Amino acid sequence: MNNIEITIPKTLQEALELISGGNEGIGIIAGGTDVVAGMRQGSNRFGGINQLVDVNHIKEMKGITGAGGIVTIGAAETFSGIISNKIIRKELPLLAKACGTIGSVQIRNRATIAGNFVNNAPCADTVPVLLAYDSTIEIKSLAGKRELPLAEFLKAPYRTQLNSDEIVTSIKVPLPKGDFKGDFYKLGRRRAVAISRITLALLIEIKESRINRLRIASGAVTPIGTRFNGIEKEFEGKTADEKTLKAIASRLGERVIEVTGLRWSSEYKLPVVQQICYQMLYSAVYGGGK
Amino acid sequence: MKKNFSVVGRPVIREDGFEKVTGSAKFADDLKIEGMLYTAMLRIPETHAKINSIDFSAIEGSQYLTAICTRNDIAGIKKIGVIKNDQPVFCGDKVVTPGDVIAMLAGESEEELHKLIGKIKVDYTPLPVLTDPLKALDENALLINEEAGTNLIVHHPLRKGDVEKGFAQSDFVIERKYTTQLIEHAYIEPESVTAIPMGVSRGIKIIGSIQNPFTTRRIVAAVLNMPLSKVRIEQSHLGGSFGGKDDTMCMLSARAAVAALKTGRPVKIRYTREDSILESYKRHPYIMNYKAGFSKNGKINAMKIDIIADGGAYVSMSPFVTWRTVVQATGPYLIENVHTDVRAVHTNNPYTGAMRGFGSPQPIFAQESLMDEIASMLNLSPVEIRRINGLKAGDKTATGQTLQNHDVNLLTVLETAVEKSDFTNKWKDNRENKKILFEPDFSNPVLKDNDFIRPEDSIKRGIGLSVSLRGCSLGGEGIDAAAAYLSLQSDGTIYLNCGLAENGQGLKTTFSIIAAEVLGTTAENIYYLELNTGITPDSGPTVASRSTLMGGGAVKNAAEIIKQRLIPLIKSEWKLGDEEEIEFAGNKVSASGKELTTFPGLCRLAYSRGICLAAIGWYKSPDVHWNEENGQGDAYFTYVYGCQVAEVRVNIVTGEIYVDRVTAVHDAGKIINKLGAEGQVYGGVTQGVGYGVFEEVTHENGLIRELNFDTYTIPTSKDIGEIIPVFVEGDDANGAWGAKSLGEPTLELASAAIANAVYNAVGTRLYNLPLNLEEVMLGKKLRPVNNKRGSLA
Ligand SMILES: Cc1cc2nc3c(=O)[nH]c(=O)nc-3n(C[C@H](O)[C@H](O)[C@H](O)COP(=O)(O)OP(=O)(O)OC[C@H]3O[C@@H](n4cnc5c(N)ncnc54)[C@H](O)[C@@H]3O)c2cc1C
């Protein structure tokens, strides 16, 4: 592992100044659960780094607030912090559930939400949920700030739109308006400290036996967390019966093949993701789901 | 031999518990010595290659480098091994598996040493690679060890009766193939050892996470060309071993010692998890073909077994591991006609050796799956088939040994487990449960209407069991004896030590209980000394679940020697007649119920009278006999019996198996240390579930994929439900009050019980471990097409 200098700024301004110089050797560290592990493994992403700016002590990047139907989560908020928040547990149960499946208690006490989607691993567990909730993120640099949907921010596995002089400061999650039901699902090789093999986030609103609104997002079966807008459009307005639910699940299978192609793992993952999608829809529509 | 015990069998707090729980226990890597050097290993990312030249010129003279160690620095033997000296300390002209080390750098900064490693130029030519053990014995197969002239490590035949006749007499004959995977011990503490040069006349001292100090001493002495007495090994607190800190620690100790002598400074080798998984040996993958002939009434008449074990690149413990397999391959059943061949072969794969279970978990998975399959063909229950065939007292095992001189409790543990788990009712209910199955078909990857399964139909319950007999201690492997040192102090406290090692199994506590019981004192009065080969008598390796049996026997013997010296003193001091019964209990000494003095009082008295209060106890096993030609003989001097029942839920949509409950019934003989025994069951069952469901080291052309615990998935506490230990304490004339073996039996049974439970749940039989997601859904394993990980891009 490299010799690294760690700076701990107390304010966002200080942090932004530190990274403003266009120095390739400077990186951001939050919980460090991806950065430190990645450096130790010799990942190229962190290879050139010799200075880290620790954002854990920046007040502006912590805390969870709700106003105007939007929950704003500080970028450096830990998963443990998020899970223990009452508003999130009540209003954004899928997010609470996803955060609760991450790693172990020790990891959740350190790891942050921004770290999860900035790292943008295919198996980043909060990504499908944040996509299903139509989240947007706020990014700041000395030059100013920008806000964009998370879906736009994520480019490719381990790649985002973040520029080297920018810090993600918060994530804004609009509370779903309407009577949504749904769930987050994670499948790993064990029940804790598990790398996801399949994740799905699903929200569905039924009105008069029809699908009024539908939101589906996946992780681990697609190269990055992916929202399936096409499927959502196609099935909104359809009768919410078992046949439709099965058709949605099959369509998801088709889309996953299109997006991901056939891989070594597809023989297992493809049938399972369709079954899981069907079961989540079924539970949401006929009870059992949250 | 029944006795009222005052300490034995009661829960006693672990001798080293406080230190370990509070973090003050010193493990090998905690040792820091002024002037100590660290090391880095030079390897190449090849499975099999010829080394043409090594160019160190780019690092020579570096301020960070104290020494380069290669095979030229070795004064004694250049290849080592626990059975055969075939593993180079530093490779010369070839590497035969990716863990091989070509050279080692020593210097003050580990970090800088790793940078230097990258600058060494190794010119090598990759060679063809042999990874399929089934091709190892082909006529034109490449040879891993050319000197040996063959890839056959060992062949153990066993012939009893006439199998062809047995098959001819049978109503049915079936053949099944089973495979088991390569797995890692996954001790939580990676390897660490420090070698300290003591000067020309004093030799070398080695302190480390060493499972078998006496084996390590023998090997280090041979590598250094020193007498045994000049190599002193001291064991640190050990963070897990499970059979894994034997060969590897001998190897690392030898390397550290070579570097220490070369530099004249203490040298520490400590491994990262990746180093550890890459270089250390693993459990043998087995390919097992079983053919069984049986009658309509369920009686097994003949069994023919052919097993290939992948030994990997080095011999290691393969000959002994597979020997236990040949003895136990038919399981605990009375079968007249048996024909077994077990062969271990070389490949370029990671080498395999000792691991808790030691050649038993593999055949148990096969044979116990087979028994259930036979039962279901005959419409018998898993319990009935075992009642029909299970070994009883006086029966002959596959090796022709008559089971005698101990309670043959196979059927007792079976019936106990069946009753405790309500097996029969659950088994019937699950079986009658309507089955909805989902069988994915990859030629049509998009699911159709009737493929879909509702949430409420996706979980199926199952219950399954497996039974075993296990030979105790080393048996035909070799000399089997152990020593203990006991020394009473004048204040009634006691020093205790034994040549068997505390590897986490809790023997310090168990031995303290035994000594306390004999002398009528309490375990807290006993101060257990560290194992140091310079002081403690050689007691062989701490393996084969032999500590309680052999070491316990030695401790009891030592305590009795001293007691026999004290009794005449008591009799003369208190003028007692010969007929008076002297009792040692509750820290007091009494005669025919009348208290004479306290235990400390007696010690003070004996000390003042010049009586020797120290003794070395010795316990040697009864003789065993083995005929290598036909695999017949008294393989082990005694046996233990176990039955585990697994209750599972199978998710037929994802292939997940949840192990909800394991009822583990073991006859380990007398239970000395209750908490320790329960701990063995919890740990062993969990490891067994890991083996059955979760764990696998896979490799691409010999290069391991799972080098850390992110991808090598040992089960967490969330992955296994309740474990219920039940002990049936059979009588046995051996050991301390008939206390026998428990450590390994607890691990060997779970995988078969789970496989049988899965069958009970979904009606699908699985033949290949581990029963992971893909195995359950597809009946096969899926492997990534290459070893590259996206996160490293
Ligand atoms: C044992 C273990 C188990 C794990 N289990 C899971 C799991 O179950 N599910 C899962 O999804 N992940 C898991 N992870 C991965 C990891 O914990 C998560 O991705 C976590 O969210 C990363 O957050 P962090 O704060 O630790 O990020 P860091 O490692 O500090 O940073 C990750 C990346 O994000 C950047 N970054 C962080 N914060 C900001 C910011 N505010 N602005 C701009 N860039 C930023 C960093 O520069 C870096 O590139 C696990 C990791 C470990 C070690």
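So how strong a dipole does segment A:5-54 carry about its Cα centre when Lys and Arg Cβ are +1 and Asp and Glu Cβ are -1, to the nearest 20 debye?
In debye, rounded to 20, segment A:5-54 gives about 160.
Report the Rg/Rh value for segment A:5-54, based on alpha-carbon coordinates and the Kirkwood definition of Rh.
With Rg and the Kirkwood Rh in hand, the quotient comes to 0.97.
Roughly how many debye, to the nearest 20, is the charge dipole of segment A:59-174 about its Cα centre, given +1 on each Lys and Arg Cβ, -1 on each Asp and Glu Cβ, and no other charges?
300
Would you mind counting up the charge near A:N116? Only other residues with Cβ under 14 Å from its Cβ, with Lys and Arg at +1 and Asp and Glu at -1.
0
Assigning unit charges at the beta carbon (Lys, Arg +1; Asp, Glu -1) and nothing else, what dipole magnitude in debye, to the nearest 20, does segment A:180-286 show about its Cα centre?
Computed charge dipole of segment A:180-286: roughly 380 debye.
So if a site counts as exposed when it's one of the GluC sites (Glu not before Pro), its DSSP state isn't H, G, I, E or B, and it has at most 13 other Cβ atoms within 10 Å, what's the longest stretch of chain A without one?
No qualifying site falls inside A:25-207, the longest such stretch.
List every residue whose amide H lies under 5 Å from the amide H of B:T638, counting only residues 5 or more places away in sequence or on a different chain, with H placed 1.01 Å from N in the peptide plane.
Sorted by chain and number, the residues that satisfy this are B:C472.
For the charge dipole of segment A:59-174, defined by +1 on Lys and Arg C-beta atoms and -1 on Asp and Glu C-beta atoms about the Cα centroid, which residue among A:T78, A:S135, A:L150 has the Cα displaced farthest towards the positive pole?
The residue sitting most towards the positive pole is A:T78.
Please grab the % of Cα pairs in chain B that end up more than 34 Å from each other.
That fraction is 52 percent.
Taking the simple approach of a point 7 Å from Cα along Cα-to-Cβ for both B:E439 and B:K3, what is their distance in nm?
Inter-label distance under the simple model: 6.0 nm.
Using each residue's phi in segment B:766-777, evaluate 6.51 cos²θ - 1.76 cosθ + 1.60 at θ = phi - 60° and report the 3J(HN,Hα) Karplus result to the nearest Hz, with x for Gly and Pro.
10, 10, 10, 7, x, 8, 7, 3, 5, 4, 5, 7
Using a Förster distance of 51 angstrom, determine the FRET efficiency expected from the C-beta separation of B:L127 and A:I6, and round it to 0.05.
0.65
Take every residue in peptide B:777-783, count the Cβ atoms of other chains within 10 Å of its Cβ, and give the average of those counts.
3
Projected onto the charge dipole of chain B (+1 at Lys/Arg Cβ, -1 at Asp/Glu Cβ, origin at the Cα centre), which of B:P537, B:L65, B:V89 gives the Cα projection farthest towards the positive end?
Most positive-ward Cα: B:P537.
Want the number for B:I567 to B:K780: 0.36 nm per residue separation, take away the alpha-carbon distance, what's left?
Answer, rounded to one decimal: 70.0 nm.
Set Lys and Arg Cβ to +1 and Asp and Glu Cβ to -1, take the dipole of segment B:693-737 about its Cα centre, and tell me which of B:V693, B:I704, B:I723 lies farthest positive.
Value: B:I704.
Within the set of other residues whose C-beta is less than 11 Å from the C-beta of B:N768, count the net charge using Lys and Arg as +1 and Asp and Glu as -1.
+1
Let me see the pair-distance distribution of segment A:152-261: every alpha carbon pair, 10 Å bin width, integer percents in order.
12, 37, 34, 15, 2, 0
What pairs from B:K588/B:K740; B:K3/B:K571; B:K135/B:K177; A:K10/A:K97; B:K177/B:K428 go past 21 Å between their alpha carbons?
In this structure, B:K588/B:K740; B:K3/B:K571; A:K10/A:K97; B:K177/B:K428 lie more than 21 Å apart at Cα.
What's the center-to-center distance, using Cα atoms, between segment A:1-75 and segment B:408-484 in Å?
49
For segment B:198-312, give me the percentage of DSSP beta bridges that are antiparallel, rounded to the nearest 5 percent.
DSSP beta bridges in segment B:198-312 are roughly 65 percent antiparallel.
Any chance you could list P(r) for the protein assembly as shown, counting all Cα-Cα pairs in 20 angstrom bins from zero, rounded to whole %?
Cα pair-distance distribution for the protein assembly as shown, in percent: 12, 37, 36, 14, 1, 0.
What ranking, highest mean first, results for peptides B:120-127, B:242-249 when packing means the other Cβ atoms within 10 Å averaged over each residue?
Final packing ranking: B:242-249, B:120-127.
Grab the other residues whose beta carbon is less than 13 angstrom from that of A:A37, score K and R as +1, D and E as -1, and report the net.
+2
Answer rounded, prolate or oblate for chain A, using the Cα gyration tensor with square roots of eigenvalues a ≥ b ≥ c: rounded when a/c is under 1.5, else prolate when a/b is larger than b/c, else oblate.
Prolate, since a/c reaches 1.5 and a/b exceeds b/c.
How far apart, in nm, are the 7 Å Cα→Cβ label points at B:E580 and B:K50?
8.5
Go ahead and run the numbers for FRET between A:K59 and A:E24, Cβ-Cβ distance against an R0 of 30 Å, rounding to 0.05.
Between A:K59 and A:E24 the formula returns 0.60.
Tell me, what is the FRET efficiency for B:Q404 and A:K90 to the nearest 0.05, using R0 = 60 angstrom and their Cβ-Cβ distance as r?
Working from the Cβ atoms, E equals 0.30.
Using the alpha-carbon centroid of each, what span in Å lies between segment B:294-351 and segment B:237-262?
31
With θ taken as phi - 60° and the coefficients 6.51, -1.76 and 1.60, list the Karplus ³J(HN,Hα) couplings across segment B:711-728 in order, rounded to whole Hz; mark glycine and proline as x.
10, 8, 9, 6, x, 9, 5, 7, 8, 9, x, 6, 10, 10, x, 10, 10, 10
Just so you know, all these numbers are worked out from the coordinates, no wet-lab data involved. This is a predicted model, so every value here is computed, not measured. Cβ coordinates were reconstructed from backbone atoms using ideal geometry, including for glycine residues, and neighbour counts include every protein chain displayed.
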